[in-house]
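Before any comments, here is the structure.
The values are calculated or read from the model by the stated rules, or taken from the named source; none is laboratory data. Keep in mind that what you see is a predicted model, and the values were worked out from it rather than measured. Quick reminder, even Gly has a Cβ in these numbers, built from the backbone with ideal geometry, and neighbours come from all protein chains shown.
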Protein chains: 2
Amino acid sequence: MTNTDKTVIAFDADDTLWPNEHYFREGEQQIIKLLERYYPGEDLLDKLYQQEIKNLHVFGYGAKGFALSMIESLIELSDGKVTGQEIQQVIEIGKMIMSSPIELISGVTETIEALRGYPLMIITKGDLFDQESKIARSGLADNFKMIEIVSEKDDATYLRLLKKYHIAPENFWMVGNSLKSDILPVAHIGAHAVHIPHETTWVHEMVSDKHASAYNYHELSTISELPALIKREVEREIQKNRSVS
Amino acid sequence: MTNTDKTVIAFDADDTLWPNEHYFREGEQQIIKLLERYYPGEDLLDKLYQQEIKNLHVFGYGAKGFALSMIESLIELSDGKVTGQEIQQVIEIGKMIMSSPIELISGVTETIEALRGYPLMIITKGDLFDQESKIARSGLADNFKMIEIVSEKDDATYLRLLKKYHIAPENFWMVGNSLKSDILPVAHIGAHAVHIPHETTWVHEMVSDKHASAYNYHELSTISELPALIKREVEREIQKNRSVS
């Protein structure tokens, strides 16, 4: 059996297959507009972020935790003066994020089609209900042999999934937009990572260039370049194994 | 290979391995106290429930969706007069539910121990982050070969999991407190279901006796009776297969 037969290609979902982060950032802008009359400080955006991070260990990632954190910020930063109607607006923003239309990023359909010879996987982080709903609405579910929704994407998570599906790190490819969640842990466990930056990235997912440069991974500007990269790398691997044996 | 070798025993978690529902009902009582000064109607509890059900298709199950629904109810039923401080109390109730201590139901430890010869599984419904956190805090995780957190427990979910793990329905046992989620769909797909009622059951999880009586399942009063039931039933199955062959 050659390495081709064992190659598994996994995709992040949000901001890799479809845009997502911009809904949160747009929601945040609406919340800032609500808050400006109560809180004149220039550090409003940072205050909102701090509240989200403070709650992350209780709420985890996703739109419901986002909405609850924003409500807490609204209450705190308005000194409790916020109105019921304003809080209802925040809940509506959360619901808007959770039922936003799923539009595939350009090139995704063709890329999935070109790679259908491989077992494909989705590994996405966040709220279970929300992510399942998005995958269903994307119309892509049938293309993926494995779908995993996880609460955190770190070394331990990837190692657990590889063990669960009996995949050797050298046969595993992870494609995503977040250096912190999709790339560095994957490179760290000796698997292949392909970074495709997206225009909007949450500050929590950012890592310094210096930190990232210590890792070995591929960087593409669009997902359309993925099939050629995989083909070239898998063939090179086969060639290498032949010359060894 | 006998049937014993193939038997897989799956457990629901909330209100089967540890109490959970009562935290929600206690939270609800606190919210009713907050609301009574705004809304004098006798149908308050029903109003809260209706709001939860209305939001279920956007929020799914779990404490975060519960908190958001309760906040919406507070705003609506108070005609927007609710204060920021009162809404903060609802968020605190949600956080309390999400970080409540996990105390195992009496007999759980011994039952798990007695059944450790079988591959054990947890199948639980709700919020991914919340459920993972509870399983971790329970200290039981290492006893379970498979852990599945799902957004809904219906025929399709059980069929998908059985297919995923290559388990035949006749070798699959599901143990839980909810007729709607743990018992009827499992009986319906031809697997074994063991109902262990818990003192508190959410009205959404209830089914009529008439509806339930159309299904064939086991009923125990405590989890401690489970090992004897499984032993008896699995041995009977082996006996039956021997007399056939």
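Restricting attention to segment A:66-76, and to residues there that are at the interface with another protein chain (Cβ under 7 Å from one of its Cβ atoms) and crowded, with 24+ Cβ neighbours inside 10 Å, which single residue is nearest to residue B:95 (Cα to Cα)?
A:68
Give, as residue ranges, the helices (runs of 4 or more DSSP H) completely inside segment A:176-245 that count at least 2 residues that are over 24 Å from residue A:150 (Cβ atoms).
Output list reads A:209-212, A:226-244.
Could you tell me how many of the residues in segment A:42-60 are closer than 21 Å to residue B:96 by Cβ and either outside any loop (DSSP other than H, G, I, E, B) or more than 7 Å from every other protein chain (Cβ to nearest Cβ) (or both)?
The qualifying residues number 9.
Name the single residue that is surrounded by the fewest Cβ atoms within 10 Å (Cβ to Cβ) among those in segment B:89-110 being among the hydrophobic types (A, V, I, L, M, F, W, C), within 11 Å of chain A (Cβ to nearest Cβ) and farther than 15 Å from residue B:131 by Cα.
The extreme case among them is B:91.
Do you know which residues across segment A:77-88 are more than 7 Å from chain B (Cβ to nearest Cβ) and surrounded by 15 or more Cβ atoms within 10 Å (Cβ to Cβ)?
Once the filter is applied, which keeps residues that are more than 7 Å from chain B (Cβ to nearest Cβ) and surrounded by 15 or more Cβ atoms within 10 Å (Cβ to Cβ), segment A:77-88 yields A:77, A:86.
For the structure I just gave you, tell me whether residue B:114 is at pLDDT 95 or above, among the aliphatic types (A, V, I, L, M) and surrounded by fewer than 18 Cβ atoms within 10 Å (Cβ to Cβ).
yes
Give the residue that is farthest from the chain's Cα centre (by Cα), with candidates limited to residues of segment B:27-65 that are over 20 Å from residue B:83 (Cα atoms), of a type in the set (A, V, I, L, M) and surrounded by 13 or more Cβ atoms within 10 Å (Cβ to Cβ).
Here the answer is B:45.
Just checking, does segment B:128-138 include any residue being away from every other protein chain (no Cβ under 14 Å) and over 15 Å from residue B:12 (Cβ atoms)?
no
Quick one: in segment B:16-32, of everything that is assigned to a loop (DSSP other than H, G, I, E, B) and not polar (S, T, N, Q), which residue is farthest from residue B:123 (Cα to Cα)?
Per the stated criteria, the residue is B:19.
Which pairs do you get when a residue that is closer than 13 Å to residue B:151 by Cα and in the same structural domain as residue A:108 (by TED's automatic domain parsing), found in segment A:126-144, comes within reach of a residue that is assigned to a helix (DSSP H, G or I) and not hydrophobic (A, V, I, L, M, F, W, C), reach meaning Cβ atoms under 7 angstrom, with the pair 6+ apart or on two chains?
Close Cβ pairs satisfying both conditions: A:127/A:64.
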